[in-house]
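First the structure, in the form of structure tokens, and then the observations on it.
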Amino acid sequence: TVEVLKAAENADIILGAERMIESFDPSFEKKPYYQASLIIPYLLEVSEKYKGPGSLKTVILFSGDSGFYSGSDKLYQELKKAADDKKIDASIRILPGISSVSYMASCIGESWHDAQILSMHGKEIKDLKGKIKSHRKTFMLVSGAGDVRKTGRLLKDAGLKNVRIAAGFKRFI
């Protein structure tokens with residue numbers, strides 16, 4: 001979203017997966033950190049070194065949906081706890097992007113209010129055949145081409161032949 005882009009463009013520090021941060025040039029630095037175990041010690045170190053008026057604006061970029069099996073939830077909870085415990089001085093907000101389900105649905109001309117939403121991202125789906133057979137529409141988030149191929153094999157092995165599949169991906173600019 002424009003809000004996220006502006007926050008990243010005005011950040012002093014940008015953290016996140018390498019592919020997410022590569023196109024930004026923050027005023028201070030960027031690091032390929034997206035886990036609390038790296039981020040919180042880093043923020044502590046930076047705040048100790050650079051105490052003074054004002055604070056460094058930090059943006060942590062995640063891909064995917066912020067509220068659906070996202071690492072942003074765990075990080076948010078750990079950052080909030082560190083702030084509540086006065087370990088870091090921070091105002092923490094999640095600025096969501098556009099939901100990948102919403103975006104994909106719009107691209108293929110489907111509504112999704114009546115769809116089942118699943119995720120294979122880093123986990124197994126039990127009884128995929130039963131889940132798909134019990135819903136007219138299913139949106140499934142995957143981690144990449146390997147998961148798409150795996151889904152095709154699972155559907156074929158389950159004997160689901162009359163299934164329409166649409167696959168999409170988002171390139172980061």
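Restricting the first member to the stretch 127-139 and to residues that are of a type in the set (Lys, Arg), and the second to residues that are assigned to a helix (DSSP H, G or I) and open to solvent by 90 Å² or more (accessible area, probe 1.4 Å), the beta-carbon pairs closer than 9 Å and six or more apart or on different chains are 129/157.
Within the set 40, 60, the sole residue that is touching a residue at least 40 places away in the same chain (Cβ under 8 Å) and either closer than 23 Å to residue 143 by Cα or under 14 Å from the mean Cα position of the chain (by Cα) (or both) turns out to be 60. Only one of the numbered conditions (1) without any contact (Cβ under 8 Å) to a residue 40 or more places away in the chain; (2) open to solvent by less than 40 Å² (accessible area, probe 1.4 Å); (3) closer than 30 Å to residue 41 by Cβ is not met by residue 120, and that is (3). Considering each residue of the stretch 63-84, count those that are among the polar types (S, T, N, Q) and either assigned to a loop (DSSP other than H, G, I, E, B) or farther than 29 Å from residue 102 by Cβ (or both), and give that number. Adding up the residues that qualify gives 3. Among residues belonging to the stretch 146-161 that are aliphatic (A, V, I, L, M) and open to solvent by 60 Å² or more (accessible area, probe 1.4 Å), point out the one that is farthest from residue 110 (Cα to Cα). Only one residue fits best here, namely 154.
Against the test of being part of a helix (DSSP H, G or I) and at pLDDT below 90, the options 165, 125, 132, 173 yield a single qualifying residue, 132.
Taking the stretch 1-62 and the helices (runs of 4 or more DSSP H) fully enclosed by it, the elements with 1 or more residues that are of a type in the set (Val, Ile, Thr) and surrounded by 19 or more Cβ atoms within 10 Å (Cβ to Cβ) are at 18-21, 36-49. Of everything listed in (1) open to solvent by less than 80 Å² (accessible area, probe 1.4 Å); (2) under 21 Å from residue 34 (Cβ atoms); (3) not small (Gly, Ala, Ser), the single unmet condition for residue 98 is (1).
Quick check: is even one residue across the stretch 76-89 in contact with a strand residue (DSSP E or B) (Cβ under 8 Å, 6 or more places away or on another chain) and either touching a residue at least 12 places away in the same chain (Cβ under 8 Å) or open to solvent by less than 60 Å² (accessible area, probe 1.4 Å) (or both)? Step through it out loud before you land on a result.
Pass one, the stretch 76-89, residues in contact with a strand residue (DSSP E or B) (Cβ under 8 Å, 6 or more places away or on another chain): none.
No, the stretch 76-89 contains no residue that is in contact with a strand residue (DSSP E or B) (Cβ under 8 Å, 6 or more places away or on another chain) and either touching a residue at least 12 places away in the same chain (Cβ under 8 Å) or open to solvent by less than 60 Å² (accessible area, probe 1.4 Å) (or both).
Only one of the numbered conditions (1) β-branched (Val, Ile, Thr); (2) over 21 Å from residue 18 (Cα atoms); (3) assigned to a loop (DSSP other than H, G, I, E, B) is violated by residue 101, and that is (3).
The values are calculated or read from the model by the stated rules, or taken from the named source; none is laboratory data. None of these values were measured; they are calculated from a predicted model. For neighbour counting, all protein chains shown are included, and Cβ atoms are generated from backbone atoms with ideal geometry for every residue, glycine included. Only protein heavy atoms, including side chains, enter the accessible area calculation; ligands, DNA and RNA are left aside. Shrake-Rupley method; radii C 1.70, N 1.55, O 1.52, S 1.80 Å.
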